[in-house]
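> I am attaching a structure below and will ask some questions about it afterwards.
Rule-based calculations on the coordinates, nothing more; no lab input. Keep in mind that what you see is a predicted model, and the values were worked out from it rather than measured. Don't worry about glycine lacking a Cβ; one is built from the backbone with ideal geometry, like all the others, and counts go over all protein chains shown.
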Amino acid sequence: MSNHATRSVGIVTVQLRRDAEIHAEEGGWFHARWHFSFDQYRDPQQMGFGPLRVFNDDRLEPGAVWPLHPHRDIEGITYVVEGTFEHADSLGNGGQLLPGSIQRATLGSGMWHSERNGSATEPMRFLQFWILPDTPDLEPSVQQRTFSEAERSNRLLRIAGSEAQDPVLIHQDASVHVGLLDGGVEVAHAIAPGRGAYVYLIRGSGQFDDAAVESGAAARVFDQLEFRYRATQPSELILVDLPLRWTPVGVWAGMAAR
């Protein structure tokens, strides 16, 4: 049985999961919530949403490192929530990212990469998710950008997407939006026909449309014209807008497209 609740009113459909319903993984040096099947966690009801195949909320202990490992045909998106994220890869890229930073690592024709907590004393938290690209065997590359609290304040700020003017480019018809919201603030995101949104409440409390939610809640949103979030407490929110149907390519060719 699926571990999410579906709420449908007229054209409104939201599949909502609370924090406790999302898979928890404890590795000693890391603590994670894995939203979709990943590594040894397998759930046929949680295989992704559109081309969003992985969505992980990871916390690393001070000084901990996720060692170099390879992937292919993935747009690996990282959003830093707390602490100092340190990146390294087989192309020689490196450096540190602070909260409010986004990084896209195109792991197309193959690239090794690692994640490290850049602090020896403070914990680090980051979101990392995979968007499957629209083109196979892309040349590996890294692009990143940091956004201030003021830029993210009381709005849903588009920080990555497929358009030339987007701050960070994604090789798929998808976009990423984030917001830091004061209590009482409401934001809305329009959803075009044939598209959906994956929404995650990083921290805070409020309402996904008319459903009360707390930190760690996530939702698949589809078959509706708009998604609304109203913060009842200071909140941090991330939303991924994506097509519900697409053509898997490269190592993903042949998988179900939804």
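> Run the dipole for the chain about the Cα centre, Lys and Arg Cβ at +1, Asp and Glu Cβ at -1, nothing else charged, and hand back the magnitude in debye, nearest 20.
Details: 22 positive and 33 negative charges, 90 e Å.
The dipole of the chain has a size of about 440 debye.
> For region 101-107, in order, what is each residue's ³J(HN,Hα) by Karplus, 6.51 cos²θ - 1.76 cosθ + 1.60 with θ = phi - 60°, in whole Hz (x at glycine and Pro)?
Values per residue, Gly and Pro as x: 9, 10, 10, 10, 10, 7, 9 Hz.
> Any chance you could run the full-extension gain for residue 148 through residue 164? It's 0.36 nm times the residue separation minus the Cα-Cα distance, nm to one decimal. List each step's numbers first, then the result.
Numbers: separation 16, 0.36 × 16 = 5.76 nm, distance 2.16 nm.
That works out to 3.6 nm of additional length.
> Quick check: from the Cα gyration tensor, does region 141-202 come out rounded (a/c under 1.5), prolate or oblate? Can you show the working numbers first?
On the way: a/c = 2.33, a/b = 1.23, b/c = 1.89.
Verdict is oblate for region 141-202.
> Another question, then. Of 123, 65, 174, whose Cα points farthest to the positive end of the dipole of the chain (charges on the beta-carbon: +1 Lys, Arg; -1 Asp, Glu; origin at the Cα centre)?
174
> Take peptides 223-233, 49-59 and line them up by average Cβ neighbours within 10 Å, highest first, as a rough protection proxy. Don't jump to the answer; show the numbers that get you there.
Working: 223-233: 17.0, 49-59: 22.7.
Answer by packing, highest mean first, reads 49-59, 223-233.
> OK, next. What is the packing order of peptides 179-185, 24-30, taking the mean over residues of other C-beta atoms within 10 Å and listing the highest first?
By packing density, highest mean first, the sequence is 179-185, 24-30.
> Using a 10 Å cut-off around each Cβ, can you sort 138, 242, 132, 68 from fewest to most neighbouring Cβ atoms? It would help to have the intermediate numbers written out before the result.
Numbers: 138 19, 242 22, 132 27, 68 13.
Listed from fewest to most nearby Cβ atoms, that is 68, 138, 242, 132.
> Helix-only estimate, please: 222 nm mean residue ellipticity of the chain, summing -39500 (n - 2.57) across DSSP H runs of length 4 or more and dividing by its residues, to the nearest 500. Working shown, then result.
On the way: 1 runs with 4 residues, N = 258.
Dividing the helical sum by the residues of the chain leaves 0 deg cm²/dmol.
> Please give the Cα centre distance for region 209-258 versus region 20-84, rounded to the nearest Å.
After rounding, the separation between the Cα centres reads 16 Å.
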